[in-house]
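J.: Please find one structure pasted underneath; my questions will follow.
The values are calculated or read from the model by the stated rules, or taken from the named source; none is laboratory data. Here the structure is a predicted model, which is why all the values come from computation and not from measurement. Here the Cβ is made from the backbone with ideal geometry for all residues, glycine too, and neighbour counts use every protein chain on show.
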């Protein structure tokens, strides 16, 4: 199936490892030009090399060393991508998870830091790319979060609080975009445990997802064919949470 992504310009935050890298790899494998960001220069360089090896149809790869919690850095990244690749068609907002802990083990500052990692960067990125998408009449905004937005998870109080705000934000955007005739979509992917640097089989999880398989789901949601997928919260968790909403 041709996903209609050849020549599209995509940004993938936190794309130097894990689910972000899996998503970026799927996008360049469909011919999209992709820019990733990450905090670690060495890991970022390795990810860029990997993506270049999987790029097809002349897809270009771009990278920037950015901490998504740095609003000014995110804005500069958007400008750099537009200068290097062109207008942004696809924005994938993604960040690592906050620390583990029950509600009686974390404090107010912990919650504030979790919001600054898992909510605010996604809003900042979206606010700087969405107007252009609407003017040009095509765009995909995709938030990668966690199954904790569907079913709060024990021992992950910070995630249970910070991440669901993205669902509220996404659905608020849907209300605004309904008049755009489906040309710009906003969706949320809610992954369960995958084989990433943050999660390993030794942590007590059962079967883990493959980040490359997750990337394939993300690429489809960003595709031409997914124009009618809008405002969805899609669990990618091997059925562990039963599609609860």
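J.: Quick one: which of 226, 219, 170 is farther than 28 Å from residue 115 by Cβ, surrounded by 22 or more Cβ atoms within 10 Å (Cβ to Cβ), within 18 Å of the chain's Cα centre (by Cα) and modelled with pLDDT of 95 or more? Full working, then the answer.
T.: Values: 226 fails: surrounded by 22 or more Cβ atoms within 10 Å (Cβ to Cβ); 170 fails: farther than 28 Å from residue 115 by Cβ.
Of the residues listed, the single one that is farther than 28 Å from residue 115 by Cβ, surrounded by 22 or more Cβ atoms within 10 Å (Cβ to Cβ), within 18 Å of the chain's Cα centre (by Cα) and modelled with pLDDT of 95 or more is 219.
J.: Any residue at all in the range 65-83 that is over 20 Å from residue 130 (Cβ atoms), buried (at least 24 other Cβ atoms within 10 Å of the Cβ) and under 16 Å from the mean Cα position of the chain (by Cα)?
T.: For the range 65-83, residues over 20 Å from residue 130 (Cβ atoms), buried (at least 24 other Cβ atoms within 10 Å of the Cβ) and under 16 Å from the mean Cα position of the chain (by Cα): absent.
J.: Now for a separate question. Return the residue satisfying two criteria in turn: it lies in the range 24-47 and is out of contact with any helix residue (DSSP H, G or I) (no Cβ under 8 Å at 6 or more places or on another chain) and more than 20 Å from residue 87 (Cα to Cα), and of such residues it is surrounded by the fewest Cβ atoms within 10 Å (Cβ to Cβ).
T.: Residue satisfying both the conditions and the ranking: 42.
J.: Also, I was wondering about something else. Among the residues in the range 144-161, are any under 18 Å from residue 66 (Cβ atoms), touching a helix residue (DSSP H, G or I) at 6+ places or on another chain (Cβ under 7 Å) and not in a helix (DSSP H, G or I)?
T.: Within the range 144-161, one or more residues are under 18 Å from residue 66 (Cβ atoms), touching a helix residue (DSSP H, G or I) at 6+ places or on another chain (Cβ under 7 Å) and not in a helix (DSSP H, G or I).
J.: Being at pLDDT 95 or above and touching a strand residue (DSSP E or B) at 6+ places or on another chain (Cβ under 7 Å) is the filter here; which residues of the range 94-109 pass it?
T.: If the condition is that a residue be at pLDDT 95 or above and touching a strand residue (DSSP E or B) at 6+ places or on another chain (Cβ under 7 Å), then 94 is the only one that fits.
J.: Residue under question is residue 112, and the condition is that it be over 28 Å from residue 227 (Cα atoms) and out of contact with any strand residue (DSSP E or B) (no Cβ under 8 Å at 6 or more places or on another chain); does it hold? Even if it seems obvious, please write down each step before you answer.
T.: Numbers: over 28 Å from residue 227 (Cα atoms): yes; out of contact with any strand residue (DSSP E or B) (no Cβ under 8 Å at 6 or more places or on another chain): yes.
Yes; evaluated as a whole, the condition is true for this residue.
J.: Specify the residue that is modelled with the lowest pLDDT; the eligible residues are those in the range 175-194 that are in a helix (DSSP H, G or I) and surrounded by 15 or more Cβ atoms within 10 Å (Cβ to Cβ).
T.: 180
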